[in-house]
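Novice: Structure provided below as structure tokens; questions to follow.
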Amino acid sequence: MPDKISLGRAIRMVRTRRRLSQSDLASRAGVSTSLVSLVECGKRDTPFETLLALADALGVPLSILVFIAGDVRNVHSIDDEVASQLSALAMRIVDELARHEPGSLPA
């Protein structure tokens, strides 16, 4: 399981890739801008419901954020090439989901 710092970095990475400001994300998720900042910096333990709201506001399933935040190289049975391919696939999923309106994930 990724730590709160790497999960915050994943949220920031997807947010900036979506060209959203912290304020935009906060507004869409129904949280404060300062909370988004604290989460992205890994300075706040974030309730699961808040993580779900942030993921939904980004238009990305929480599982994808957790995957991006995780280090697949820590899975001993996965070699570096497969880990790289999985990371690239996760980013393609994020980019594909960016074509949909945040908050309205495809079924």
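Novice: Considering only region 62-82, how many residues are within 18 Å of the chain's Cα centre (by Cα) and modelled with pLDDT under 80? Write out each step before concluding.
Specialist: So in region 62-82, the residues within 18 Å of the chain's Cα centre (by Cα) come out as 62-72.
Then keep just the ones that are modelled with pLDDT under 80; that gives 70-72.
The total comes to 3.
Novice: Of the residues in region 20-44, how many are surrounded by fewer than 18 Cβ atoms within 10 Å (Cβ to Cβ) and within 18 Å of I68 (Cα to Cα)?
Specialist: 2
Novice: Here's something else I'd like to know. Just need a number here: residues in region 40-60 that are outside any helix (DSSP H, G or I), more than 21 Å from A90 (Cβ to Cβ) and within 14 Å of the chain's Cα centre (by Cα).
Specialist: Initially, region 40-60 is screened for residues outside any helix (DSSP H, G or I), giving 41-47, 59-60.
Filter again for more than 21 Å from A90 (Cβ to Cβ), leaving 41, 43-45, 47.
Still in the running and within 14 Å of the chain's Cα centre (by Cα): 41.
Qualifying residue count for the region: 1.
Novice: Mind counting the residues in region 1-12 that are out of contact with any Leu (no Cβ under 9 Å at 6 or more places or on another chain) and in a helix (DSSP H, G or I)?
Specialist: Residues that pass the stated criteria total 5.
Novice: Can you say whether P106 is in a loop (DSSP other than H, G, I, E, B), modelled with pLDDT under 80, of a type outside the set (A, V, I, L, M) and surrounded by 15 or more Cβ atoms within 10 Å (Cβ to Cβ), as far as the supplied structure shows? Reasoning before the result, please.
Specialist: Working: in a loop (DSSP other than H, G, I, E, B): yes; modelled with pLDDT under 80: yes; of a type outside the set (A, V, I, L, M): yes; surrounded by 15 or more Cβ atoms within 10 Å (Cβ to Cβ): no.
Here the answer is no, as P106 does not meet what is asked.
Novice: Select, from S37, S63, the only residue that is under 20 Å from I93 (Cβ atoms) and of a type in the set (S, T, Y). Even if it seems obvious, please write down each step before you answer.
Specialist: Values: S37 fails: under 20 Å from I93 (Cβ atoms).
Only one candidate qualifies: S63.
The values are calculated or read from the model by the stated rules, or taken from the named source; none is laboratory data. From a predicted model like this one, the values you see are computed outputs, not experimental measurements. Using ideal geometry, Cβ is built from the backbone for each residue, glycine included, and neighbour counts are taken over all protein chains shown.
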